[in-house]
Each structure stands twice: as C-alpha cells, then as structure tokens.
Ligand SMILES: Nc1ncnc2c1ncn2[C@@H]1O[C@H](COP(=O)(O)OP(=O)(O)O)[C@@H](O)[C@H]1O
Ligand SMILES: [Mg+2]
C-alpha cells in the first residue's frame, strides 16, 4: 500500500517494532472479528486504532498485549515471535478505560506495584515512582488513596503505573472515555507530551475521530475487522481512500454519478443532474463505472470558478458563529452541504436563491 510519506511497507518493516501478519480472530466459532490483519507498528510512533464500536480495535490491542490470542497468523516484536507469549513477558504498559487502581493502596504504592512484581530494589523503586509521579504532575498526591482523586487524576495514576517500569510499548484502550470534554482535551495534550518526552511507542484505541486526528502520528481506520486505511491524520482526512473512511472522519458530501473520463491522477464524473466535475481519482474507478464525488463542506467555494463550477438552490442556512452552514439542492435531486465564512457570505443570500459554487479540483476525490 502507498503510504503518506512515500515509504513502502518493505521500508517500514525494517523500522517496525511490531508486525502483525495475516492475523485473524474469531470468538466462539462466530464470524471474524479481526480479518487477515497485516500491520507494522513503527518504533517510537503514536499510532491510533480508530473505528466504530465493534470494528475489532480492542481485540487487536488485546492480541498485542497478550490477553487474547489470534485464531491464525503471527505477531512479531523486535524480530521475535510473540504470538503465544504471555502478557507479563511482553513488557508492555497497558491502560484501560476503567482505571483498575488498587483502592486500598496509596497512589505511590499503586505506581510502585509493577516494580514490586519485578523485584526492583527499594531505592531504585522510590526514585522511579517519584519520576513517574512528576511526569503526570501528581508529585503532591503520593500518599493519597485513589478514592480521594478525581477521574482525570486517577487516569494519570494509571498512566504513571504503565510507564514506571519503562515498557517497550504503551497500549491504551479508550483511556479518556469516562472524562468530560475539557478534561479529555487536557489529557490528550498531556499524553501527547509524555509520548514526545519519552519517545516510547504508543498504540492508542479510540472511536473519537477528533481525538485520533489531534494525537496521532498515524491513524489506522478499522471497519469490520479490517484496516481500511493507515496514514497520517492529514492524509486520512484530505485523501480518504474509501467511502467509509471519508464518512467516518468528519462531515463529507458524496455526490453520486458516472465516471466519464480518466486522466492520470484525475478523473471526470457526470452527476445525475448533468454537471461534469473533475477530481482526484481514487483506487478502483474506471470510465463508465458508478462513483461518488467526495468533498468536504469547508472546501466548496461560493463563487463562480472558471472550471468545476456548478449551481445550486439554497434550501437552508444556519449561523454557527465562526461559520455558516448552508444546504443547497442541485439539479437531479442531490444536495450539498457547505460551511462558509460569514464575511464571505455577507448574510444576504436567501432561501430560494441560486448560488454559484466551485469545487476546487484538488479538494475533490472520486471514489468507487
Ligand atoms: N470475549 C469476547 N467474546 C465474544 N465476542 C467478543 C469478545 N470480545 C469482543 N467480542 C466481539 O467482537 C467484536 C469486536 O469487538 P471489539 O474488538 O471489542 O471491538 P471495538 O473495540 O472496536 O469496539 C464485537 O462484535 C464484540 O461483540
Ligand atoms: Mg473497544
């Protein structure tokens, strides 16, 4: 598969810390929950597994942690086959949505627990716990119990506990799911900072697309046990390779039509209403085939361009402060969502008006 930075999978293989090869998983003889997964995790990266509920993210993470085993396929870490290795021999820090702290132990004892299990001697243990407490800004809370801390603070303790024995990787499964929005955003920044500070490989699971886009070096989009696309956040957002990825990440318009010409990287599509538009050609489209022109609402310009112009009738508009959401209907019955800046709109377009629009060719994708 082509990657955002132009490197082939072969190049990545050499810097991979973990490689999944043809990994499938089924529970109880039912359908495949993870379906023939190939995945290279790059050393030091922040990789997010993103997808709707039930798409196989947690199962993939649990196979990496060693709490679940593949039905078939292999997982290698640093060249060694770890497919059947128990969790405690994989050297991975794991953080779950539920903090799973020990209620009867202090914060310092909770964080020290993995070191005690590993029989690290007392002075070293004390030093590392202090370091981990500093890292998550909880130095003053060492002697409290978990019940005396807020949800966000408890999750920081869980994070410190996962980092304290310097694991080879940190795995996190929806760790911020229980927190309210502002605390979640603050923790996203803190986790990202810790990643940058430590340089350890992070694999992070979420169903929140915004969280995935802000935190990650790469995002793997899961759908029905398969990775639909894996690339940088910008690539995933601006160049989705499938309709599923386009629809799952942010708002998008999909205008149905027929491909009428292919021209290298570009293609032309005729919409049901007759308009002909050019866009970047997605994989697997061919002249004569059905396809959709995929364009983000914020990409469409309210002006008459020299190419890729079309007209639509304004059916409704809503003011949202920093932008106006506009819906127009096109000839042929399809409709289009736009997000425009208030100053450009001027506020004087009315429902029923005909608007001249332009879809910049580089912002339009034609997908099968
Ligand atoms: N222990 C289990 N036993 C049986 N089915 C499971 C088990 N864990 C998960 N599943 C099923 O596997 C599918 C994928 O689940 P999961 O990996 O948790 O997805 P996600 O984390 O993306 O929501 C779901 O349909 C779920 O019901
Ligand atoms: Mg899950």
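Rule-based calculations on the coordinates, nothing more; no lab input. None of the values given here were measured: they were computed from a predicted structure. Backbone-built Cβ (ideal geometry, glycine too); neighbour counts: all protein chains shown.
At 0.36 nm per residue, minus the direct Cα-Cα distance, what do residue 72 and residue 192 gain on full extension? Give it in nm, one decimal, please.
So the extension gain works out to 39.9 nm.
Of 136, 95, 205, which is the most mobile in a GNM of the chain whose springs link Cα atoms less than 10 angstrom apart?
Answer for the Gaussian network model of the chain: 136.
Pairs of alpha-carbon atoms within less than 8 angstrom and 6+ residues apart define the contacts here; what relative contact order does the range 33-131 have, in percent? Working shown, then result.
Values: 49 pairs, mean separation 15.0, N = 99.
Once divided by the residue count of the range 33-131, the mean separation gives 15 percent.
Among 181, 125, which comes first, then next, by fewest other beta-carbon atoms within 10 Å? Spell out each step's value before the answer.
Working: 181 8, 125 18.
The most exposed by this proxy come first: 181, 125.
I'd like the distance between the alpha-carbon centres of the range 99-148 and the range 298-359, rounded to an integer number of Å.
Here the answer is 56 Å between Cα centres.
Of 39, 255, 213, how do they rank once you tally other Cβ atoms within 10 Å and put the fewest first?
Numbers: 39 21, 255 25, 213 18.
Fewest-to-most Cβ neighbours within 10 Å comes out as 213, 39, 255.
Over the alpha-carbon set of the chain, divide Rg by the Kirkwood Rh and report the Rg/Rh ratio to two decimals.
On the way: Rg = 24.5 Å, Rh = 23.1 Å.
Rg/Rh: 1.06.
Treating the angle as unsigned and between 0 and 90°, give the value, to the nearest 10°, between the Cα long axis of helix 151-163 and the longest Cα principal axis of the chain.
70
How far apart, in nm, are the 7 Å Cα→Cβ label points at residue 353 and residue 121?
With each label point 7 Å from Cα toward Cβ, the separation is 7.9 nm.
Mean separation of Cα pairs under 8 Å and 6+ residues apart, divided by the residue count of the range 42-198: what relative contact order is that in percent?
It rounds to 27 percent for the range 42-198.
Roughly what % of DSSP beta bridges within the chain run antiparallel, to the nearest 5? Walk me through the numbers on the way to the answer.
Numbers: 58 of 78 bridges.
Beta bridges within the chain, antiparallel portion: roughly 75 percent.
Among 300, 285, 111, 234, which comes first, second and so on when ranked by fewest other beta-carbon atoms within 10 Å? Don't skip to the answer; put the middle values down first.
Values: 300 26, 285 19, 111 30, 234 10.
Going from least to most buried by this count: 234, 285, 300, 111.
Need one number: nm distance between label points at residue 238 and residue 318, each 7 Å from Cα along Cα→Cβ, rounded to one decimal.
Once both label points are built, they end up 2.8 nm from each other.
With r defined as the distance between the Cβ atoms of residue 139 and residue 181 and R0 fixed at 30 Å, what FRET efficiency is calculated, to the nearest 0.05? Kindly include the intermediate steps, with their values, before the conclusion.
Values: r = 27 Å, r/R0 = 0.89.
My answer for the efficiency is 0.65.
Please report the spacing between the Cα centers of the range 9-72 and the range 267-288 in Å, no decimals.
One Cα centre to the other: 35 Å.
Given an 8 Å cut-off on Cα distances and at least 6 residues of separation, report the relative contact order of the chain as a percent. Provide the component values of the computation, followed by the final result.
Numbers: 768 pairs, mean separation 54.7, N = 368.
RCO, the chain: 15 percent.
Starting from the Cα-Cα distance between residue 36 and residue 166, subtract it from 0.36 nm times their residue separation and give me the gain in nm to one decimal. Provide the component values of the computation, followed by the final result.
Values: separation 130, 0.36 × 130 = 46.80 nm, distance 3.12 nm.
Stretched fully, the residue 36-residue 166 segment lengthens by 43.7 nm.
Which of 53, 19, 162 moves most in a GNM of the chain, Cα contacts under 10 Å?
Sorting by GNM fluctuation, first place goes to 53.
Output the 0 to 90 degree angle, nearest 10, between the alpha-carbon long axis of helix 122-135 and the longest principal axis computed from the alpha carbons of the chain.
20
Sorted by average packing, counted as other Cβ atoms within 10 angstrom per residue and highest first, what order do 356-366, 326-336 take?
Numbers: 356-366: 19.0, 326-336: 17.3.
So the peptides 356-366, 326-336, ranked by packing, come out 356-366, 326-336.
Rounded to the nearest 500 deg cm²/dmol, what is the calculated helix-only ellipticity per residue at 222 nm for the chain, with -39500 (n - 2.57) per DSSP H run of length n ≥ 4? Mind dumping the intermediate values first?
Numbers: 10 runs with 95 residues, N = 368.
Calculated at 222 nm, the ellipticity per residue is -7500 deg cm²/dmol.
List, largest first, the extents of the alpha carbons of the range 251-367 along their principal axes, each in whole Å.
That works out to 41, 25, 24 Å along the principal axes.
Say each of residue 303 and residue 24 gets a label point 7 Å from the Cα, pointing the same way as Cα to Cβ; how far apart are those two points in nm?
According to this spin-label approximation, the distance is 5.4 nm.
At a 10 angstrom cut-off on C-beta neighbours, averaged per residue, how do the peptides 310-319, 101-110 rank from highest to lowest?
Numbers: 310-319: 15.4, 101-110: 17.0.
Ranked by mean Cβ neighbours within 10 Å, highest first: 101-110, 310-319.
With a cut-off of 17 Å, note down the residues of the range 43-65 whose backbone N falls inside the zone around a label point 7 Å from the Cα of residue 217 toward its beta carbon.
Backbone N within reach: 43-50.
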